Amino acid sequence: MNIPIRRSSLPSLVRRALLSIGALALASGAQSALAEGYPAKPVRLVVGFSAGGPTDVVARAFAEHAARVLGKPFIVDNRPGANTIIAAELVAKAPADGYTLLLGATNHTMIPALYSAQVKFDAVRSFAPVCTLADSPTVLVVGSAMHVTTLAGFLDDVRAAPGKRTFGSPGTGSSGHFAGERFARLTHTTLNHIPYKGAAPVVTDLVAGQLDSSFATLGSVLPLIQAGKITPIAVAAAQRSPLLPNTPTFNEAGVKRFNDSAWYGLLAPAGTPPAVLQALEKAARSFDQEPASVAKLQGLGLGAQSVCGAAFGNQLQREVQVNTQLAKDLNLKIE
């Protein structure tokens, strides 16, 4: 059916169309100009943890590098609290101009699994993924309370007293907690989870013999391993860590398909101009290729890693799905 259009209305329609096209062109031009001059002022890099932890250390190392290669200061802004929700929400609501960024970590993809009412952003859709910067494999460590040195010995000990052996984590819903639960499900064992307020008291109780084990990021326990105060049993990675050449992977030790690494990565608010994201990605890739950066990360038990753009976004989506299902199966919810 053809609807007749009066000739007198054509000029009005044309004017509206031209105005719309002009507005789009102006917006596109403004966005392009913004991207071409990026960064024109200091950039804020928000971290959801206190100063001194692995995420903060990665943030400061990257901030120093990015300031050097992009020509403007990158200022680390520590906003700890609420399992990084405060920091993530701040960035999700920030202008999408590349001047407020999030240095996130693995627990970012655990937020949807554990929180609901207090979260006012989407862990995936509210952000534009830039790149991961570093990763740290999970390592099963035991303290003085467990006299085992192999994964087979650990499993025998745990199975001899179901639910009696403990594993500690930095808190309910932390990456260490989820890693331990995944391991227990995979090996059909029962471990007693003990949540702490941070990683420091976990290792303190491991050394003191008050805690049996922990599924910890290598960076958080490496100094104590090197000092001989705790014992590494197996590394949850595809290959052995060069920092623990004598410690087998879980696959080598007999537990298949248990790969578990903590990532540290850069995210921007959704809608950030592509050219800005490209500039940040270039800085992230050069950071992971710079020998000084790689050496600094390795000294902290971290590896340089660049998973960027869509690949990083797909990784985030997969992790959200896996963690949400695990939390549902375990009836985990924090309100």
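The values are calculated or read from the model by the stated rules, or taken from the named source; none is laboratory data. These figures come from a predicted structure and were not determined experimentally. No Cβ is skipped: glycine too gets one built from the backbone with ideal geometry, and neighbour counts run over all protein chains shown. Remember, those area values only see protein heavy atoms, side chains included, never the ligands or the DNA or RNA. Shrake-Rupley method; radii C 1.70, N 1.55, O 1.52, S 1.80 Å.
So here's what we get for this one:
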item: Net dipole in debye of the range 234-335 [+1 Lys, Arg Cβ; -1 Asp, Glu Cβ; about Cα centre; nearest 20]; result: 120 debye
item: Share, in percent, of DSSP beta bridges within the chain that are antiparallel, nearest 5; result: 60 percent
item: Cβ-defined net charge surrounding TYR99, 13 Å radius [Lys, Arg +1; Asp, Glu -1]; result: +1
item: Within a Gaussian network of the chain (alpha carbon springs, distance under 10 Å), most fluctuating of ARG44, ARG185, ARG79; result: ARG185
item: Relative contact order of the range 132-229, defined on C-alpha pairs under 8 angstrom at six or more residues apart (%); result: 42 percent
item: Whole-number percent relative contact order across the range 47-144, with pairs defined as alpha carbons under 8 Å at least 6 apart; result: 26 percent
item: Surface accessible to a 1.4 Å probe, GLU252 within the full protein complex, Å²; result: 110 Å²
item: Between the range 246-315 and the range 108-177, the Cα center-to-center distance that results, in Å; result: 18 Å
item: Local net charge near ALA61, Cβ-Cβ under 12 Å (Lys/Arg +1, Asp/Glu -1); result: -1
item: Cα principal axis extents for the range 71-200, largest first, Å; result: 56, 37, 23
item: Gap separating the Cα centres of the range 179-217 and the range 56-100, nearest whole Å; result: 30 Å
item: Three-way shape call for the range 251-335 based on the alpha-carbon gyration tensor, with the a/c threshold at 1.5; result: oblate
item: Candidates GLY98, GLY53, GLY37: whichever shows maximal mean-square fluctuation once the chain is modelled as a Gaussian network with Cα springs under 10 Å; result: GLY37
item: Dipole moment magnitude, nearest 20 debye, the chain about Cα centre, only Lys, Arg, Asp, Glu C-beta charged; result: 1040 debye
item: Assigned charges on the beta-carbon of Lys, Arg, Asp, Glu; the range 91-225 dipole about Cα centre (debye); result: 280 debye
item: Mean separation of Cα contacts under 8 Å (6+ apart) over length of the chain, as relative contact order %; result: 26 percent
item: Karplus (6.51, -1.76, 1.60) ³J(HN,Hα), θ = phi - 60°, over the range 233-246, in Hz, Gly and Pro reported as x; result: 9, 7, 10, 8, 8, 5, 10, 4, 7, x, 7, 10, x, 9
item: Fluctuation leader among ALA87, ALA152, ALA270 - the chain, Gaussian network, Cα springs under 10 angstrom; result: ALA152
item: Lysine pairs in the chain with Cα atoms under 25 Å, if 8 or more residues apart or on separate chains; result: 23
item: Under 5 Å, built H, 5+ apart or other chain: amide partners of VAL307; result: THR132
